Amino acid sequence: MNEQPLSPGCLVGEDMVDEKKRTVAVVGAGVIGAAIAFELQRRGLQVTLIDKGEPGRGTSYGNMASVALDFAAGSGPATWRKIPGWLLDPEGPVWLRPSYALKMLPWFLRFVAAGRPSRLREIEDAGMSLSAHALADFRSMLSAIAAPQLMTEEGCLAIYENEAEFAGDRAHIDMMRRYGLDFDVLSGADIRALEPALSPSIVKAVLLPDNKSIRDPYELVVKLAAAAQSLGAGFISGAVRNIEKSGAGTSVVLLDNGQRLTADAVILATGVHTRALAEKLGEPIPLETERGYHTQIMKPGVSMRYSVIWPHRAFMITPTAGGIRVGGNVELAGLDAAPDFRRPRVLVRHAQRAVPALKVEETTEWMGHRPALPDTIPIISASSRMPGIWYATGHGHLGLTYSATTARLIADMVTGTKPAIDMKPFRIDRY
């Protein structure tokens, strides 16, 4: 057996932990896991971050770099009306591979149930309780890792090509008004005054000044992991296959390479892959992958001040990572299907409609797995079956947005501090 210490104060292969310092294994080195590892380490716990690859090279590598406070529940009457058209449109925002349709059915039925009016308001309350803290928590996290420059101070523009598109987004705009989010409705020349690159065909826009962008989401994760390590955290490269309880009340993390790592607490933050570990622990969760694509354009031939989202077509254009990134939409095809890179090319065509001067030179294409729960809100919770195990998964399109807040909430619960919000909506056994 290949044995390796989890961290100072932990004896691998034995059920003994140094009483002087609690040890924590954080499984998953995306933006959620890296943020949690940093927050726990700076609170005085001894952390080891575990990932099968390098920090930030998974789904967090290709997100749309948006800190978006305008939480939107995925289900609901407004969405139900759009789904048939989306599925029938080969260039629409949702693509369902026929071979995966039957496997998606149980998840989809839960998704529909989550859109009942009474449940929808509960979901919005929960999502907005996270959003209410997200920006301040994010700024605090960036300050703590000495990287405030990674966040832009520009907002985001939601754009509409006609009045019908704007009317179709009315439920979301009403939700923002209900929760007191700051926004301005613009039209005509006022739109081009803010973002000259946008086409005159864009007749309406909503400015979301508090929806910020990250200059490079991969760099953010690398800096978080490095900051945690600078405080004494460890990093192990390996795939976790299971977690067991030891006789001493600690947990033993079993890796595919034969390593056994012992810790007082284990945080599971492996995105959609958390589903397999949860099943092994006897608490299955309805976690699916919403596959997302992006095209990173390093010679776009145009500069943009704002990130732009086109709600009707469900994609974004974001200046990030040294160029302009075009991405979004949802493909439902499971974890194992090969990427279909026709999808990001559709998005680029849509982007050129919104930004006519956009050139497509020096590009890379990417596909990643968003961890999606049918009720749209994440699991941020202690295990319902195994003491010492915690979950931070299912953030969907808002993993970057909620990373700092999730880290603070998990750290609060692990250290016995009362969280600032009601955690009941995020419990793992809510299904």
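A few comments on the model shown:
- Positions within segment 59-87 being in contact with a strand residue (DSSP E or B) (Cβ under 9 Å, 6 or more places away or on another chain), among the β-branched types (V, I, T) and in a helix (DSSP H, G or I), in sequence order: T59, I83
- The lone criterion from (1) under 30 Å from A132 (Cβ atoms); (2) in a strand (DSSP E or B); (3) in contact (Cβ under 8 Å) with a residue 60 or more places away in the chain left unmet by A228 is number (2).
- Qualifying positions in segment 319-329 - surrounded by fewer than 24 Cβ atoms within 10 Å (Cβ to Cβ) and aliphatic (A, V, I, L, M): A321
- Just one of the numbered conditions (1) in the same structural domain as V308 (by TED's automatic domain parsing); (2) part of a helix (DSSP H, G or I) is not true of P90: (2).
For (1) assigned by TED's automatic domain parsing to the domain that holds G33; (2) within 11 Å of the chain's Cα centre (by Cα); (3) over 17 Å from I123 (Cα atoms); (4) modelled with pLDDT of 95 or more, each residue gets a yes or a no:
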{"position": "A382", "(1), (2), (3), (4)": "yes, no, yes, yes"}
{"position": "Y391", "(1), (2), (3), (4)": "yes, no, yes, yes"}
{"position": "L398", "(1), (2), (3), (4)": "yes, yes, no, yes"}
{"position": "I421", "(1), (2), (3), (4)": "yes, no, no, yes"}
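The values are calculated or read from the model by the stated rules, or taken from the named source; none is laboratory data. All figures in this text were calculated on a predicted structure; none of them were measured in a lab. With ideal geometry, Cβ positions are generated from the backbone for all residues, glycine too; neighbour counts draw on all protein chains shown.
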